[in-house]
Amino acid sequence: MKPVYVTGIPGSSNQVVRDTLHNFILTLTDNFRWLSPGDIVLLKPALNSGDPYPATTHPLALEVTSRLLADRGATVVIGDQSGIGHELHHPGGVIRGKTHDNYILSGMARNNSSRFVSFEEEGWDEGFFHYSSPKTGSWKDGFFHHELGKGSRPYHKPSQDVDTQPGGCNTGTQDHGRAPQGRQPHGVPRKRAL
């Protein structure tokens, strides 16, 4: 069984939160020992809307994680596709909403210079590819993955589903693709940690 890490934050100032997150993330990731300089790492926050934390990932969690990765030589990209109530697209294009607008409204864009990608902006077919692996047992037919994940080496924090962790941020290739052909645009498959 893998260890479970829990920490408390001994105060509410931004610096105390940053310091606590910094130490916690280094413990959680084993000091990013899997990372090689030059790796491209996609951080997929919980960004279903433009609402602030706790409805979305805490901006400091994203800021600290991206800074730690960049300090170790990674090229950090932040990306997501907001939920159907705040962004909707189909094979003909985006019907309403923009994930990038939600990124700004949620506060995640502050103090973060990493590139941001709205998954819906590249199109229904152009921006995604079909991914299948024997290690993704919960998605036997695979799922659609954003093009940023192609050819990358995914890293997933064990047993974390970003939507159940309000302050959480999934590290690695993105896990929020588009619906397979024949499903509703909002029926986005979510894979569990590998």
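Checking the condition farther than 25 Å from ILE9 by Cα and among the small types (Gly, Ala, Ser), which residue from GLY107, GLY85 passes?
GLY85
Does HIS86 satisfy the condition of being over 15 Å from the mean Cα position of the chain (by Cα), at pLDDT below 90 and surrounded by 13 or more Cβ atoms within 10 Å (Cβ to Cβ)? Reasoning before the result, please.
Numbers: over 15 Å from the mean Cα position of the chain (by Cα): yes; at pLDDT below 90: no; surrounded by 13 or more Cβ atoms within 10 Å (Cβ to Cβ): yes.
Judged against the criteria, HIS86 is not a match.
Does ILE25 qualify as being aliphatic (A, V, I, L, M) and assigned to a helix (DSSP H, G or I)?
Here the answer is yes, as ILE25 does meet what is asked.
Which numbered condition in (1) modelled with pLDDT of 70 or more; (2) part of a loop (DSSP other than H, G, I, E, B) is the only one that ASN102 fails?
If we test ASN102 against (1) modelled with pLDDT of 70 or more; (2) part of a loop (DSSP other than H, G, I, E, B), just (2) comes out false.
Report the residue count in the stretch 18-38 for those that are buried (at least 17 other Cβ atoms within 10 Å of the Cβ) and at positive phi.
1
Is it the case that some residue within the stretch 114-123 is in a loop (DSSP other than H, G, I, E, B), modelled with pLDDT of 65 or more and farther than 22 Å from ILE84 by Cβ?
yes
Do you know which residues across the stretch 75-124 are among the hydrophobic types (A, V, I, L, M, F, W, C) and touching a helix residue (DSSP H, G or I) at 6+ places or on another chain (Cβ under 8 Å)?
VAL76, VAL77, ILE78, VAL94, MET108, ALA109, PHE116, VAL117, PHE119
Would you be able to tell me the number of residues in the stretch 93-108 that are surrounded by fewer than 19 Cβ atoms within 10 Å (Cβ to Cβ) and in contact (Cβ under 8 Å) with a residue 24 or more places away in the chain?
Here the count works out to 5.
Looking at the stretch 80-96, which of its residues are out of contact with any Lys or Arg (no Cβ under 9 Å at 6 or more places or on another chain) and not in a loop (DSSP other than H, G, I, E, B)?
If we filter the stretch 80-96 for residues that are out of contact with any Lys or Arg (no Cβ under 9 Å at 6 or more places or on another chain), which is where we start, we get 83-85, 90-96.
Scanning the stretch 80-96 gives HIS90, GLY93, VAL94, ILE95, ARG96.
Conditions: (1) touching a Ser or Thr at 6+ places or on another chain (Cβ under 9 Å); (2) without any contact (Cβ under 8 Å) to a residue 60 or more places away in the chain; (3) within 14 Å of ASN112 (Cβ to Cβ). LEU60 meets all but one. Number of the miss?
(1)
Is one or more of the residues making up the stretch 132-140 at pLDDT 50 or above and either surrounded by 13 or more Cβ atoms within 10 Å (Cβ to Cβ) or in contact with a strand residue (DSSP E or B) (Cβ under 7 Å, 6 or more places away or on another chain) (or both)? Write out each step before concluding.
Here is the first cut: in the stretch 132-140, the residues at pLDDT 50 or above are 132-140.
Still in the running and either surrounded by 13 or more Cβ atoms within 10 Å (Cβ to Cβ) or in contact with a strand residue (DSSP E or B) (Cβ under 7 Å, 6 or more places away or on another chain) (or both): 136, 139.
Yes.
What about VAL77, is it touching a Lys or Arg at 6+ places or on another chain (Cβ under 8 Å) and modelled with pLDDT of 95 or more? Give the derivation first.
On the way: touching a Lys or Arg at 6+ places or on another chain (Cβ under 8 Å): yes; modelled with pLDDT of 95 or more: no.
Answer is no for this residue.
The values are calculated or read from the model by the stated rules, or taken from the named source; none is laboratory data. Bear in mind the structure is a predicted one, so any value in this text is a computation, not a measurement. Please note: Cβ atoms are built from the backbone with ideal geometry, for glycine as well, and neighbour counts cover all protein chains shown.
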